[in-house]
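First the structure, in the form of structure tokens, and then the observations on it.
The values are calculated or read from the model by the stated rules, or taken from the named source; none is laboratory data. What you are looking at is a predicted structure, and each value in this text was computed from that prediction instead of being measured. With ideal geometry, Cβ positions are generated from the backbone for all residues, glycine too; neighbour counts draw on all protein chains shown. In case anyone asks, the SASA skips ligands and DNA or RNA and just uses the protein heavy atoms, side chains included. Shrake-Rupley method; radii C 1.70, N 1.55, O 1.52, S 1.80 Å.
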Amino acid sequence: MTNYFLMHKDRKLLAFSMENGAVLSKKVNPLEDRFLPISFGSDISRWLKNRSVPATRQGLSKTVPLDPFELMLANLGLSLTDAYWLKPVGSSYTWDSVNLYANDFRDTMSLDLTDNRADIAGKTNFLPSASLKGDLAKKWLIDEHGTRVLVKGNHSDTCIQSLSEVFATEIYRTQPYPIEYTPYSLIKITSNGKEIIGCKCPNYTSDVLEFIPAIDIVNSAKCPNDMNYFQFYIRCLENNHVDCRDFYDMEIMVDFIITNTDRHFHNFGVLRNTETLQFVKPAPVFDSGNSMFYKSEHIPLGEKLLNIDVTSFYKKEVKLLSQVKNRGLLDVRYLPGSDYVYNLLKRDPYLPEEKICRMIQAYKDKIKFFEDFQNGADLWSYNYLKQHAHHNPV
């Protein structure tokens, strides 16, 4: 049996005992209970399970000798997302000695999640990648400037997901109305012994700002019957004095234009002060990689683009636009042109020319539909969908 404290920086929130992966007992510290994780509260079993690398992580079984739960425990549940961690009872660890914002960690330019290298003087033995979410192969590294950088691969031989992150970055960078976004760039990195094109981005959290995903916020209280979960999330932020309406309007509209089918409640959220627990601002836009028909064999065109399924707070992509209040916030005149998109997609050695041309045409078609939206058309409405049902592009 092993005894742990659930910590938030140097605050002891909860003591618990564990044996064979099961929590046997727990006791909350009432003096610090306001720092317990949002939506999980004192449910330490659920928090521990959620903290682990998903068992479905790409290539995990080939590279990690421990199972995901053991890997997370061995690395004290440390993260570059927030200030929570696990302290073995009786250990001398402090936040200053283990936190990965201040202490350099060992790693190599590889997406393989292994730790078979010898100790390096001045570097912590703990790895932040042991608590990374998502199925895609990814890893935290430290660049030559000391910046914590997240590096990601792709689900298949193509690198469309990495190119999509760069595409989204370019759109946000060139828009006249600025919102905070995470800048992605392409990088060559090793995965399963093979060099691939991936992408990287700098970390947007710090010792004083932690990320709280939207899913935790909407699960922390009862959603009113007259609201959907996205509306409830917006209300929660606004009740905490976070101005976010324009931010999410822009994110929804950019997602539509690049056909991001995966804007679920785990990949957007809010930044919170680690001392006061006050919500500060929306987390910068991140994780736009499941875009540009990244796993589609056949690229839809024309009205078929109005019937795209998504993993989000609505099942159809066009319906997400119904939550936008300020339709004119995005300026289509500043969107990247076809030449930029073509040159970007040509970076992928596995993309045939014909598919690239269809992807560009789909992008143009999406912009035309979006212009209708900006001119007042409700793309999700029965009348609009019926009006465009007569066009049948291949």
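See the values below:
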item	result
Residue among D309, D243 that alone is free of Cβ contacts under 8 Å to residues at least 40 places away in the same chain and open to solvent by 60 Å² or more (accessible area, probe 1.4 Å)	D243
Some residue of segment 176-183 being in contact with a helix residue (DSSP H, G or I) (Cβ under 9 Å, 6 or more places away or on another chain), crowded, with 20+ Cβ neighbours inside 10 Å and within 30 Å of K346 (Cα to Cα)	yes
Near pairs, Cβ below 7 angstrom, 6+ apart or cross-chain, from segment 360-375 (under 19 Å from T261 (Cα atoms)) to any residue that is of a type in the set (F, W, Y) and in a helix (DSSP H, G or I)	I360/Y342; K366/F256; F370/F256
Lone qualifier among N219, N228 - being within 19 Å of K325 (Cβ to Cβ) and over 14 Å from the mean Cα position of the chain (by Cα)	N228
Tally of residues being at pLDDT below 95 and not in a strand (DSSP E or B) across segment 194-218	0
Failed item in (1) touching a residue at least 60 places away in the same chain (Cβ under 8 Å); (2) under 23 Å from G328 (Cα atoms), with T261 passing the rest	(1)
Search result, residues across segment 204-213 that are among the polar types (S, T, N, Q) and surrounded by 18 or more Cβ atoms within 10 Å (Cβ to Cβ)	T205
Unmet criterion (only one of (1) at pLDDT below 95; (2) open to solvent by less than 50 Å² (accessible area, probe 1.4 Å); (3) under 30 Å from I38 (Cβ atoms)) for S191	(3)
Qualifying residues in segment 263-276 (those that are of a type in the set (A, V, I, L, M, F, W, C) and in a loop (DSSP other than H, G, I, E, B)) - the one nearest to the chain's Cα centre (by Cα)	F268
Residue match in segment 51-63 (condition: out of contact with any Cys (no Cβ under 7 Å at 6 or more places or on another chain), at pLDDT 85 or above and open to solvent by 50 Å² or more (accessible area, probe 1.4 Å))	no
Residue among L237, L186 that is buried (at least 19 other Cβ atoms within 10 Å of the Cβ), touching a strand residue (DSSP E or B) at 6+ places or on another chain (Cβ under 9 Å) and modelled with pLDDT of 95 or more	L237
Sole exception among (1) in a helix (DSSP H, G or I); (2) within 27 Å of the chain's Cα centre (by Cα) for D348, by number	(1)
Subset of segment 344-394 [under 23 Å from E297 (Cα atoms), open to solvent by less than 100 Å² (accessible area, probe 1.4 Å) and polar (S, T, N, Q)]	Q361
Yes/no for L163 being surrounded by 19 or more Cβ atoms within 10 Å (Cβ to Cβ), of a type in the set (A, V, I, L, M), under 30 Å from N103 (Cα atoms) and in contact (Cβ under 8 Å) with a residue 60 or more places away in the chain	no
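One line per residue, one yes/no per condition, for (1) assigned to a helix (DSSP H, G or I); (2) of a type in the set (G, A, S):
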{"position": "D243", "(1), (2)": "no, no"}
{"position": "F247", "(1), (2)": "yes, no"}
{"position": "E251", "(1), (2)": "yes, no"}
{"position": "T261", "(1), (2)": "no, no"}
{"position": "I299", "(1), (2)": "no, no"}
{"position": "S312", "(1), (2)": "no, yes"}
